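Chemist: One structure, pasted below without further comment.
The values are calculated or read from the model by the stated rules, or taken from the named source; none is laboratory data. Nothing here was measured: the structure is a model prediction, and the numbers come from that model. Cβ placement follows ideal geometry from the backbone for every residue including glycine, while neighbour counts extend to all protein chains displayed. Accessible surface is based on the protein model in full, side chains and every heavy atom, while ligands, DNA and RNA are left aside. Shrake-Rupley method; radii C 1.70, N 1.55, O 1.52, S 1.80 Å.
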Amino acid sequence: MVHFKQLDNGIRLIVKEMSGLMSVSMGIIVGTGACVESDVEDGISHFIEHMLFKGTKKRTAFQISDRMDAIGAQVNAFTSKDITCYYAKSTSNHAAEAFEVLSDLFLNSVFPEEELKREKGVVVEEISMNEDTPDDLCLDLLSKAFFGEENYGRNILGSKKNVKGFTREDIQAYMKDRYTADNIVISMAGNISVALAEELVCKYFSQVPSVKVQKRALNVNLKSKNLYKSKDIEQMHIAIAYPSMKRYEKLCDATQIMNAVLGGSMSSRLFQTVREELGLAYTVYSYVTTYEQSGALTVYAGVNAEHYMQSLEAIEKCIGNLRKKDLTEDEFKRGKEQLLSSLIYAQESTSSQMLLYGKELIYSGRLYDFEDRVGKLNAVTLADVCQAIEYNFDETYRATALVGNVDKPLK
């Protein structure tokens, strides 16, 4: 059973009852992230995510984690390009207590100066760790090569300079602008009654002011650059991006099936060719990212440094063969089954359901419909996938990133 309620102030609640389980996942999702930040705000969405755990009007940072540990609950958060999510998971009998703590840190954080100073150091170290993780660095570089310095090209962590300069006033101003009632969705999934979910949300969130989010325009212009980062490491890290579907476009499902064939599984062409047949990579895969105003098909490989050009040629040959639409009926069916099974597996996870229903409300304003989703996926034909192949490999906007012991980018 799925239940929806909108509070008078505009905050939306979605509840997916899963009565056969013994736990519940609860998320507070805000429709903001790196893509809407200005240059001076770069990294602030992620920094705020950290700071909300650092003390409220009635709890210290330790007391937040200690209280959740005392009831066996989990609490965490993440920031992406377009959403920020604060979530907790608990046994059903402790749902009310876990949600109270989650609500407290979300609504009543005070950003103590000592914690602010300390957390800047933590995030700066996180940025350093990212720079020392070549696959992450390569994919961040690819975002910049593909989208540029703004919107979807922004690094979620931001720059060290920006992070060191953020003030309590910066945080409060950004939250006032973006953490508004109409831009917040509360999503719950698991063994929790609708009555309890409504009671908790009304108790803690009904007094949030009815303020509308200030819309920020995204000017997405693909850059099609070839960038590289020289690092003295053993492997070579290659990433390639092509323009793909926007979120909810007609051929999104067909593109996902195509991606399953190209590099979405262990039986995919990239994995079987580059790793299994040629032995050139430990990790090689592809994935599709969809946003409101754009999308990207990404291929990534961590390969033998001495033979990275051979690896690149093998990757490009796989792409070239796919562009010839040599897709077999067996590959098409297998790709579709992989997507269908992932939808079914997600139905059995409270965390997946919480995020799925919450994101759908944030992104589209609609309720996620599992049966409709499966029906649309089942309706995809081999001809649709061939049409998606035509769309997804526009060489005009192809971008690349290379990280390793090199002094020039890929051509």
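Chemist: Restricting the search to the stretch 15-61, which residues are of a type in the set (S, T, N, Q) and either in contact with an Asp or Glu (Cβ under 6 Å, 6 or more places away or on another chain) or closer than 26 Å to Lys215 by Cβ (or both)?
Modeler: Filtering the stretch 15-61 for residues of a type in the set (S, T, N, Q) gives 19, 23, 25, 32, 38, 45, 56, 60.
Those that are of a type in the set (S, T, N, Q) and either in contact with an Asp or Glu (Cβ under 6 Å, 6 or more places away or on another chain) or closer than 26 Å to Lys215 by Cβ (or both): Thr32, Ser38, Ser45, Thr56.
Chemist: Only one of Ile171, Ile192, Ile156 is aliphatic (A, V, I, L, M), more than 20 Å from Ile362 (Cβ to Cβ) and in a loop (DSSP other than H, G, I, E, B). Can you tell me which?
Modeler: Answer to the check: Ile192.
Chemist: Next question. Output the number of residues of the stretch 335-371 satisfying the condition of being among the charged types (D, E, K, R) and under 17 Å from Arg247 (Cβ atoms). Give the derivation first.
Modeler: From the stretch 335-371, those among the charged types (D, E, K, R) are 336-337, 348, 359-360, 366, 369, 371; that's our starting set.
Narrowing the set further to residues that are under 17 Å from Arg247 (Cβ atoms) leaves 359-360, 366, 369.
Qualifying residue count for the region: 4.
Chemist: Out of all the residues in the stretch 208-221, is one or more touching a Phe, Trp or Tyr at 6+ places or on another chain (Cβ under 7 Å), surrounded by 15 or more Cβ atoms within 10 Å (Cβ to Cβ) and either modelled with pLDDT under 95 or over 24 Å from Tyr285 (Cβ atoms) (or both)?
Modeler: Start the filter on the stretch 208-221 by keeping residues that are touching a Phe, Trp or Tyr at 6+ places or on another chain (Cβ under 7 Å), which leaves 220.
Right, trim to surrounded by 15 or more Cβ atoms within 10 Å (Cβ to Cβ) and you get 220.
If we keep only those that are either modelled with pLDDT under 95 or over 24 Å from Tyr285 (Cβ atoms) (or both) too, we end up with 220.
Yes, some residue in the stretch 208-221 is touching a Phe, Trp or Tyr at 6+ places or on another chain (Cβ under 7 Å), surrounded by 15 or more Cβ atoms within 10 Å (Cβ to Cβ) and either modelled with pLDDT under 95 or over 24 Å from Tyr285 (Cβ atoms) (or both).
Chemist: Cβ-Cβ distance below 7 Å, separation of 6 or more or different chains: which pairs start in the stretch 1-18 with a residue that is at pLDDT 95 or above and surrounded by 15 or more Cβ atoms within 10 Å (Cβ to Cβ) and end on one that is among the hydroxyl-bearing types (Ser, Thr, Tyr) and assigned to a loop (DSSP other than H, G, I, E, B)?
Modeler: Going by the 7 Å Cβ cut-off, the qualifying pairs are Leu7/Ser206; Asn9/Ser206; Asn9/Ser210; Gly10/Ser210.
Chemist: Could you look through the stretch 48-80, keep only residues that are assigned to a helix (DSSP H, G or I) and under 30 Å from Gln293 (Cα atoms), and pick out the one that is farthest from the chain's Cα centre (by Cα)? Step through it out loud before you land on a result.
Modeler: Our first condition is that a residue be assigned to a helix (DSSP H, G or I); within the stretch 48-80, this holds for 48-51, 61-70.
Applying the additional criterion that residues be under 30 Å from Gln293 (Cα atoms) yields 48-51.
Numbers: Ile48: 17, Glu49: 14, His50: 17, Met51: 20 Å.
That would be Met51.
Each row is one residue, and each column tells you yes or no for (1) hydroxyl-bearing (Ser, Thr, Tyr); (2) closer than 30 Å to Ala195 by Cβ; (3) surrounded by fewer than 16 Cβ atoms within 10 Å (Cβ to Cβ).
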position: Lys117; (1), (2), (3): no, no, yes
position: Ser128; (1), (2), (3): yes, no, yes
position: Pro134; (1), (2), (3): no, no, no
position: Leu137; (1), (2), (3): no, no, no
position: Thr167; (1), (2), (3): yes, no, yes
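Chemist: Right, here's the next one. Condition (residue is at pLDDT 95 or above and part of a helix (DSSP H, G or I)) applied to the stretch 81-92: is it met by at least one residue?
Modeler: First, the residues of the stretch 81-92 that are at pLDDT 95 or above: 81-92.
From what's left, part of a helix (DSSP H, G or I): 92.
Checking the stretch 81-92: at least one residue is at pLDDT 95 or above and part of a helix (DSSP H, G or I).
Chemist: Look at the stretch 21-35 and say how many of its residues are surrounded by 24 or more Cβ atoms within 10 Å (Cβ to Cβ) and over 15 Å from Leu361 (Cβ atoms).
Modeler: Of the residues in the stretch 21-35, 4 are surrounded by 24 or more Cβ atoms within 10 Å (Cβ to Cβ) and over 15 Å from Leu361 (Cβ atoms).
Chemist: Let me ask another. Return the residue satisfying two criteria in turn: it lies in the stretch 367-398 and is closer than 26 Å to Gly148 by Cβ and among the hydroxyl-bearing types (Ser, Thr, Tyr), and of such residues it is surrounded by the most Cβ atoms within 10 Å (Cβ to Cβ).
Modeler: Among residues in the stretch 367-398 that are closer than 26 Å to Gly148 by Cβ and among the hydroxyl-bearing types (Ser, Thr, Tyr), the one surrounded by the most Cβ atoms within 10 Å (Cβ to Cβ) is Tyr391.
Chemist: How many residues are within 18 Å of Ala88 (Cβ to Cβ) and open to solvent by 40 Å² or more (accessible area, probe 1.4 Å) when one looks only at the stretch 182-201? Break it down stepwise before answering.
Modeler: Taking the stretch 182-201 as the starting set, the residues that turn out to be within 18 Å of Ala88 (Cβ to Cβ) are 184-193, 196-201.
Then drop every residue that is not open to solvent by 40 Å² or more (accessible area, probe 1.4 Å), which leaves 191, 193, 196, 198-199.
Adding up the residues that qualify gives 5.
Chemist: What number of residues within the stretch 253-280 are surrounded by 20 or more Cβ atoms within 10 Å (Cβ to Cβ), out of contact with any Gly (no Cβ under 6 Å at 6 or more places or on another chain) and hydrophobic (A, V, I, L, M, F, W, C)?
Modeler: Looking only at that region, the number is 6.
Chemist: Quick check: is even one residue across the stretch 330-342 within 30 Å of Thr32 (Cβ to Cβ), in contact (Cβ under 8 Å) with a residue 24 or more places away in the chain and out of contact with any Cys (no Cβ under 6 Å at 6 or more places or on another chain)? Don't jump to the end; show me each part of the working.
Modeler: Of the residues in the stretch 330-342, the ones within 30 Å of Thr32 (Cβ to Cβ) are 339, 342.
Going one step further and asking which of them are in contact (Cβ under 8 Å) with a residue 24 or more places away in the chain, we end up with 339.
Next cut, out of contact with any Cys (no Cβ under 6 Å at 6 or more places or on another chain) only: 339.
The answer is yes, given that some residue of the stretch 330-342 is within 30 Å of Thr32 (Cβ to Cβ), in contact (Cβ under 8 Å) with a residue 24 or more places away in the chain and out of contact with any Cys (no Cβ under 6 Å at 6 or more places or on another chain).
Chemist: Working only within the stretch 173-211, note down all residues that are farther than 25 Å from Ser349 by Cβ and under 24 Å from the mean Cα position of the chain (by Cα).
Modeler: Scanning the stretch 173-211 gives Tyr174, Met175, Lys176, Asp177, Arg178, Tyr179, Thr180, Ala181, Asp182, Asn183.
Chemist: Look through Ser128, Ser90 and report the one residue that is under 22 Å from the mean Cα position of the chain (by Cα) and polar (S, T, N, Q). First the steps, then the outcome.
Modeler: Details: Ser90 fails: under 22 Å from the mean Cα position of the chain (by Cα).
Just a single option satisfies the conditions, and that option is Ser128.
Chemist: What number of residues within the stretch 2-44 satisfy the criterion of being in contact with a helix residue (DSSP H, G or I) (Cβ under 8 Å, 6 or more places away or on another chain), assigned to a loop (DSSP other than H, G, I, E, B) and over 19 Å from Thr91 (Cα atoms)?
Modeler: Counting residues in the stretch 2-44 that are in contact with a helix residue (DSSP H, G or I) (Cβ under 8 Å, 6 or more places away or on another chain), assigned to a loop (DSSP other than H, G, I, E, B) and over 19 Å from Thr91 (Cα atoms) gives 12.
Chemist: Within the stretch 220-339, considering only strands (runs of 3 or more DSSP E) that don't extend past its boundaries, which have at least 3 residues that are of a type in the set (Phe, Trp, Tyr) and on the phi < 0 side of the Ramachandran plot?
Modeler: Details: elements: 226-230, 235-243, 281-290, 295-304.
Result: 281-290.
Chemist: So, one more: Output the residues belonging to the stretch 343-390 that are within 13 Å of Asp253 (Cβ to Cβ), more than 21 Å from the chain's Cα centre (by Cα), part of a helix (DSSP H, G or I) and in contact (Cβ under 8 Å) with a residue 12 or more places away in the chain.
Modeler: Val374, Lys376, Leu377, Asn378, Leu382, Asp384, Val385, Gln387, Ala388
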